[in-house]
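Heads up, the thing below is written out as structure tokens.
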Amino acid sequence: MTTTSPLPTAIGTGDHGSVAVRLEGVQKVFDSSQGRHEALQSIDLEIYDGEFLTILGPSGCGKTTLLRVLAGFETPTRGEVSLDGRRCTTMPPNKRPMTMVFQNYALFPHLNVFDNIAYGLRLAKLPRAEIAERVEVVLSIMDLVGLGRRLPGQLSGGQQQRVALARSVVVRPRVLLFDEPLSNLDARLRDQMRGELRRVQQQLGVTSVYVTHDQTEAMAMSDRIVVMSNGRIQQVGNPVEIYRRPVSLFVADFIGKAVVIDCSVVRRGDGDVTLALLGDEVTVVDPSPDGEPLTAVVRPEDVHVRAAAGDAAAQDDDRRVIRLDGWLRGIEFLGSESRLRVELAEGELLDAAAFHDAASGPEQLPGLGDAVRVEIPKHAVRAVIDRR
């Protein structure tokens, strides 16, 4: 897919500005000898101009199918796709002002770096001087200066990934699509390249849609994240919203780690709900205007564990904290943090996380089997829809 339209000038900030891409009621059904599979179920989504949007979810959730619908490789069974207000649902891939960065790079092994990058420009029959100028610009942006005459086989994995990205952005796409482009790299190089991808995207200001199953990539790179499961969008929001205010148990458990706490609904108000849990009551935002079943979650880092206090009576009047007694049953030291498991007096198990620095290590933690006091700030409790 190629285009010669000008590069966007605005840096992708994630602010809700003009809509670049809109999906309305998009459904995709595949029929095979095994039966009918609904890969996408009524997807409604707006992608904003200049933003970096990540589609995140487990294998089989529909994220790659959604990307292929955007690219034009799949036609929706039902629904519409619009680009800058113009319908492009049935437009073929080569007519869409979009480019795709694949996970296997898809470089031509017999062409050098310069010719790989210039390939789309030559297909568009641009003047030779303009091609050379554009290629030199992206070689600089991608930190590939001096490598133009090398063949792909002479490059490292990270350099090959940058060439694939350079080939996609040199044609100045309206939308840049990423199909798990870092999955073939080792962990250290993947961490480095995600920063490079984000830097380039912000420098160019190009609207970008990135597909991954890696929550760390999504949290580190995105303006907004679309969390998918079973062909449906579970939640859309910026990384902080997704992590701190999940609306369903699936999102809470898929993004980071969730400590699930059994609860019952005491009463529902105007947008809030009071839950009974762990011998206390907490009033929180109600994520379900339709009255769906709820459960409560907290993040492990919000479960604070310390040695059982000899005199805790003075703290009992503080109604902002849930306090519980128990015993430390498990410790896993992971370097910057330790993961703890506490057995409460009532027999329930809670997970917790204790973070360490140079002055605070695992040696400051209670020992296995010791009596402990657990404290959970009430403001850290979230009600989520019990949708798995």
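Could you list, in sequence order, all residues of the stretch 113-145 that are within 22 Å of Leu185 (Cβ to Cβ) and not hydrophobic (A, V, I, L, M, F, W, C)? Selection gives Asn116, Asp143. Being over 16 Å from Val259 (Cα atoms) and assigned to a strand (DSSP E or B) is the filter here; which residues of the stretch 332-342 pass it? Of everything in the stretch 332-342, those that are over 16 Å from Val259 (Cα atoms) and assigned to a strand (DSSP E or B) turn out to be Glu332, Phe333, Glu337.
Pairs meeting the criteria (first residue in the stretch 248-277 and under 30 Å from Glu217 (Cβ atoms) and in contact (Cβ under 8 Å) with a residue 12 or more places away in the chain, second residue part of a strand (DSSP E or B) and acidic (Asp, Glu), beta carbons under 8 Å, at least 6 apart or on different chains) are Lys257/Asp351; Val259/Asp351. Counting only helices (runs of 4 or more DSSP H) that sit completely within the stretch 141-234, those holding 2 or more residues that are in contact (Cβ under 8 Å) with a residue 24 or more places away in the chain and over 27 Å from Lys257 (Cβ atoms) correspond to 157-169, 187-204.
Considering the conditions (1) among the aliphatic types (A, V, I, L, M); (2) more than 26 Å from Asp49 (Cα to Cα); (3) crowded, with 19+ Cβ neighbours inside 10 Å, Ala129 is excluded by exactly one of them, (3). Restricting to the stretch 336-348, what's the tally of residues that are of a type in the set (D, E, K, R) and surrounded by 15 or more Cβ atoms within 10 Å (Cβ to Cβ)? Matching residues across the stretch 336-348 total 4.
Residues of the stretch 349-377 that are in contact with a strand residue (DSSP E or B) (Cβ under 8 Å, 6 or more places away or on another chain) and surrounded by fewer than 16 Cβ atoms within 10 Å (Cβ to Cβ): Leu349, Phe355, Pro362, Gly367, Leu368, Gly369, Asp370, Ala371, Pro377. Among Gly60, Gly17, which is within 20 Å of Gly237 (Cα to Cα) and either outside the structural domain of Gly158 (by TED's automatic domain parsing) or modelled with pLDDT under 95 (or both)? Within the list Gly60, Gly17, the selection yields Gly17.
Taking the stretch 58-84 as the range and being of a type in the set (D, E, K, R), in contact (Cβ under 8 Å) with a residue 24 or more places away in the chain and surrounded by fewer than 21 Cβ atoms within 10 Å (Cβ to Cβ) as the test, the residues that pass are Glu74, Arg78, Glu80, Asp84.
Report yes if some residue within the stretch 177-195 is surrounded by 21 or more Cβ atoms within 10 Å (Cβ to Cβ), modelled with pLDDT of 90 or more, within 28 Å of Arg86 (Cα to Cα) and within 19 Å of the chain's Cα centre (by Cα); otherwise report no. Taking every residue of the stretch 177-195 in turn, at least one turns out to be surrounded by 21 or more Cβ atoms within 10 Å (Cβ to Cβ), modelled with pLDDT of 90 or more, within 28 Å of Arg86 (Cα to Cα) and within 19 Å of the chain's Cα centre (by Cα). For Val81, the stated conditions do not hold, so it cannot be described as assigned to a helix (DSSP H, G or I), touching a Lys or Arg at 6+ places or on another chain (Cβ under 8 Å) and closer than 27 Å to Phe30 by Cβ. Search the stretch 33-72 for residues being touching an Asp or Glu at 6+ places or on another chain (Cβ under 8 Å) and not in a strand (DSSP E or B), and hand back the single one that is farthest from Leu204 (Cα to Cα). The residue in question is Thr65.
The values are calculated or read from the model by the stated rules, or taken from the named source; none is laboratory data. Only a predicted model underlies this, so the values are computations on that prediction, with no experimental measurement involved. Reconstructed Cβ throughout: ideal geometry from the backbone, glycine too, with neighbour counts over all protein chains shown.
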